[in-house]
Amino acid sequence: MKGRTVKLREAHKAGSPALCSAVWGPGGQHVVTSSAADTDILIHDAASVLAGGRGLGSSLIATIRLHKDGVTALAVAPGPSGSLASGSIDHSVKFYNFPEGEFQSNVARFVLPIRSLAFNKKGTLLAAAGDDDGIKLIATIDNTISKVLKGHKGSVTGLAFDPRNDYLASVDSFGTVIYWDLCIGGEVRTLTRIAPTFRSDYSVRNVLCWSPDGQTLAVPGLRNNVVLYDRDTGEEVFTLNGDHEQPVCSLCWSPNGRYLASAGLDRQLLIWDVKSMLDIERQKFDEVICSLAWKPDGNALLLIDVMGKFGIWESVIPSNMKSPIEGIPDLISTKVPLFDDDDDVNDEKPSTSCGLEDDIDESLDYPTPVNHMRLKRKTAFNGDSDDDDLIHQVELSKRIKDKHKGRKEDAGNENGDSATSGRMVTARMQAAFQPGSTPPQSGMRSFLAYNMLGSITTIESERHSHIEVDFHDTGRGPRIPPMTDYFGFTMAALNESGSVFANLCKGDKNMSTLMYRPFGSWASNSEWSMRFEGEEVKAVALGTGWVAAVTSLNFLRIFTEGGLQMHILSVIGPVVTAAGHGDQLAIVSHASDCLPSGDQVLDVNVFNISEGTQSISGRLVLTPLSQLSWFGFSENGQLSSYDTKHRKSLSFNSSSVTARKSEDESHWVVGLDANNIFCILCKSPQSYPQVMPKPVLTVLEMSFPLASSDLGANNLENEFMMRKLHLSQIQKKMKEMAALGLDTAANDEEAFNIEAGLDRCILRLISNCCSGDKLARATELAKLLTLEKSMKGAITLVTRLKLPMLQEKFSSILEERMSNDRKIAGTVGFCSNASIMKDTPVSTAQATAPSMFVQNGKKLLESSLPKPNLVNQQSSSTETMKLEEQAGETKDRARKNLPAFTPSAKVTKNSETKRDRNGAYITAAADQNQKGATDHMGTKKNSMDECNQSEPQRPVNPFAKSWSNKEQSSSLLDSIKKMKVETEKVNKPNSLKLKM
């Protein structure tokens, strides 16, 4: 059928196509139009427009000229006293009285043009969006921005509030649709690139709109059609396919939700009967229709084209069809749905803004998602007969009844806070995945495993698959011959020793297979496999001498490399993924169902396979509304995770860093080290790489999610945080090694290099603080310096900058540290219980040589033992020889610009070295003095047993790296010579007395 032609009249003059808007007033008595080509907002009398009076002046009520640039969006609040809102290219949103058009207020917190506006059902909230980063929710009671919703990557061009006030739907210029939960103020669902993109054409835009009952969301499709999506699940319900030859750019529903109007770039306007999914009316225009609005209480459609011409299509729906205003949904009704049982009547509750039990309007004739295909077949042959309506209602009744009951049961089982306890949980628990694997693709290769060592690929054929193992560095691993796969493996893990494969349940016996294949073995048949009937392998992992598999029955099965079943453990919940490194096995599992906000609740457990212990157990932290995308160990054995929001978490160190990303890219993580993430960049909409051509690894620099500093030194502050993190990691490692009695000397140089780099970063930050007049912050940074040379450099810096107060502060900090070091050095020189650190282990080794302290360029020789007496005169020469040897070693360290460790800091065979809180190295040595020996003051020393109970320690000044190599070498030799002279003076009279 074809109705009469709609005549359009000019409202706005445009030399070229521009985005125009048209909306109805609350009672349908007025219409408002605007254009991005001029600054005018025109309020018309609807009756005069329908009468077709000559000229624009016959229908014009008010003209508003307050914007400085073109008007791109209009919205009218519901209700008799609703207000008018307008958005413009001039970055402003303004409010007016309606229909008078008097200015009320201005919201000016935008930096880029506005593209879309929308009021909620009650008119208490206005959503505004455009080229700015985020959607701003404006409270109309005081015109303040109450919330900013961020998640879109492009300009937001369409907004629509759910009629039940539960959701806000938005669409951007890339065609991505996001559902926002108004109760929690967050993103609950994202539908990526489901709508067309109009590139740089600003005369049209992506739009969307909710059905009047709020059950479905209409969005323009990618195939010149209209797609309807379910309210709760976001799944596609059905599609309206008609005669549109180009993408749809405007949509609107009839008041009862029975009909839908769509306009496209092909200049056609179609009217759809949603029940039959057929277009029942159409119009062809000279220009593209860029805005549509159905009259709230009538059978009329307001439209405007890109050249500023508007009109009203009267009697859109023929009189022989159901009226568009018959059976309008009553969303605040408390009546029981038509097909509910009697016993459910008392349980029915009124609908609320965040409520669960939505009233079901029996007057709506279009089908639910389950029955739309059946309905389409019937209506195509039988038309719109009463018999079809009766059959459809009988079929629909069971679906509505079951759905309504299920919602009430879910509401009774759900516990939460007042804001979210009434909502049905729609978020799903994340499914299990294998790090480094990609989904299988028919006829194409896919990755079973991809890590920093190599990759395992597979390709399906008719009855089997072909598997290949490749190493990135061919010299690192052996050449592995291809393998024929008859099991259909879907996941794998790879390390230097071998590879493990697993598949999902298949066959009549519902059986899953686990197979291990070593790369080299002395035995001829070292490959083995295990089968699990009725139990499916979800994730696999490899380590040093062990193979692990986690199954659907929440079993953790651990095997040896030879296939011996060693352990069978229970996992607390459904597994998400697993990873192995050396002796460490990490398992991620669900701790509970998803939170009402949609957040995943995950636990991580780390096992030491060789010791048979569980070393770590705790919660895995993810970014809100994200999922785990990668999990594993770094090259140095640091357990890490990476989520879909591009945040990396260093597990159990309370640290989070983010990878710097660009728009329209997803990161498929391969591995990481201390500073970088190694990944493969995938362009949207792809989220994983292809095997061919061979993917290229990209290195992404990690950074902390720091706030924007008032110094403007974000890079320096990020470097400061990263170095602190690395220093804490190596200090923790050294502490663990010391607790196990292992030698930490190999890590001392690395720790010092990190400390030196940290000091350099702090000095640059101090310079920035001085330039920015942040003297208090500069003082705090100075207290973090560890080396004396760095501290003196900071004093020199503030002196050159002519900051005497800061110079005094820094000098006092240096003096205080030097004083503390002297006190510690003087205290530990005596064999006293009160002078020994509590954590120092007792040693019975021979005494070490004297310690050398260098402070402010002065050489101080202090002995960790009393001066030699008659009993130990022979040991004096031996100690002197030891001191010379250690002095030589100290000179070598000085040449390498290492910290000025004392000669006693070189650990002897039976001595132990520790660090104090200032970074100094302390050596605990045993006192070898015999009982009854006297010190240089002639007083009696404690017995050897008493000294063994509390070992003397020798701390070293942490600022001892302030002299040149030349000075250090000469001072040490001079000190040795002086000590020889003093020793000879003491030993000579003692020797005479011994002869007498």
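Structural descriptor for segment 1-44: relative contact order 32 percent, calculated from alpha carbon pairs under 8 angstrom and at least 6 residues apart. On the basis of the beta-carbon distance and an R0 of 35 Å, residue 246 and residue 50 show a calculated FRET efficiency of 0.70. Charge dipole (Cα centre; +1 on Lys/Arg Cβ, -1 on Asp/Glu Cβ; no other charges) of segment 141-272 amounts to roughly 300 debye.
Ligands, DNA and RNA excluded, the heavy atoms of residue 668 present near 30 Å² of accessible surface to a 1.4 Å solvent probe.
Taking other residues whose beta carbon is less than 11 angstrom from the beta carbon of residue 62, and scoring Lys, Arg as +1 and Asp, Glu as -1, yields -3.
Ranked from largest to smallest solvent-accessible area, with a 1.4 Å probe on the protein heavy atoms, 467, 280 come out as 280, 467. When you restrict to C-alpha pairs under 8 Å that are six or more residues apart and normalise by the size of segment 93-206, the relative contact order lands at 16 percent.
What GluC sites (Glu not before Pro) does segment 485-592 have in DSSP loop regions with at most 15 other beta carbons within 10 Å?
496, 527
The phi-based Karplus calculation (6.51 cos²θ - 1.76 cosθ + 1.60; θ = phi - 60°) puts the 3J(HN,Hα) values of segment 211-221 at 5, x, 8, x, 8, 9, 10, 8, 9, x, x Hz, whole numbers, x for Gly and Pro. Estimate the FRET efficiency between residue 714 and residue 676 by the formula 1/(1 + (r/R0)^6), using the beta-carbon distance for r and 22 Å for R0, to the nearest 0.05. E between residue 714 and residue 676, to the nearest 0.05, is 0.75.
Full extension of the chain segment joining residue 747 with residue 544 gains 70.7 nm, where the gain is 0.36 nm per residue of separation less the Cα-Cα distance.
The residue 592 and residue 531 beta-carbon pair, evaluated with R₀ = 41 Å, returns a calculated FRET efficiency of approximately 0.80.
Between the alpha-carbon centres of segment 446-471 and segment 482-544 there is a gap of 13 Å. With K and R counted +1 and D and E -1, the other residues having a Cβ less than 9 Å from that of residue 553 yield a net charge of -2. In plain terms, the chain from residue 735 to residue 124 could stretch by 214.1 nm, reckoned as 0.36 nm per residue minus the Cα-Cα distance. Accessible area of residue 100 (1.4 Å probe, protein heavy atoms only, ligands and nucleic acids ignored): about 110 Å². Remark: spin-label model distance residue 470-residue 13 equals 6.6 nm, labels positioned 7 Å along the Cα→Cβ axis.
Hey, what did segment 546-629 get for relative contact order, percent, Cα under 8 Å, at least 6 apart?
Relative contact order, segment 546-629: 18 percent.
Listed values for segment 128-133 are Karplus-derived 3J(HN,Hα) couplings in whole Hz (6.51 cos²θ - 1.76 cosθ + 1.60, θ = phi - 60°), namely 10, 7, x, 7, 5, 7, and x replaces Gly and Pro.
The values are calculated or read from the model by the stated rules, or taken from the named source; none is laboratory data. Note that the coordinates shown come from a computational prediction; the quantities given were computed from them, not determined experimentally. Please note: Cβ atoms are built from the backbone with ideal geometry, for glycine as well, and neighbour counts cover all protein chains shown. Note: accessible area is taken over every heavy atom of the protein model, side chains too, but ligands, DNA and RNA are not part of it. Shrake-Rupley method; radii C 1.70, N 1.55, O 1.52, S 1.80 Å.
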